[in-house]
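Have a look at the structure below, then the notes.
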Amino acid sequence: MRLEQVKFPTFNDERGSLVPVELKDYIDWEVKRVYYLVDVKGDRGGHCVKGEKKIYVCQKGSLKCRFHDGKDWVSFEMTGPDDAIVMEGDYYREFTDFSEDAVLMAISSVNYDSNDYIYDLDEFVKHVDGGSATK
């Protein structure tokens, strides 16, 4: 399992900022889905996706997030445009306190399948304790 906050390089000049993301520097898995959250009015997450690997990128604004590994919570604050969380393994995740201008992009190793989601924290802990969590 891996849960790590990383900073992407940012190049600033009079024209603006450029944040290149060379995925090969952060992951060794195939990207199957990308989506992003904008105009967020409330908390997001509140689930685990079984077998998923993901990078969350705060492209703009700020937010707070926390991840549960079956035993403990780990919390992060993210500020765009260069903050990212690399998540590999089964984690229950929650995202809160989005700034009005926040944009959160997610890069996932899996396509959407509603059968892979666990929305209840107690059920997630049982899933991890049962040894079926992705290591």
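Quick note: the coordinates plus some simple rules give every number you see, no bench work behind them. Note that this is a predicted model, so its numbers are computed, not measured. No Cβ is skipped: glycine too gets one built from the backbone with ideal geometry, and neighbour counts run over all protein chains shown.
Summary of values
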| item | result |
| --- | --- |
| Filter result for the condition that a residue is buried (at least 19 other Cβ atoms within 10 Å of the Cβ), in contact with a Phe, Trp or Tyr (Cβ under 7 Å, 6 or more places away or on another chain) and among the basic types (Lys, Arg), over ARG93, ARG33, ARG44, ARG66 | ARG93 |
| Residues satisfying the stated conditions in segment 74-92, i.e. more than 13 Å from LYS54 (Cβ to Cβ) and charged (D, E, K, R) | GLU77, ASP82, ASP83 |
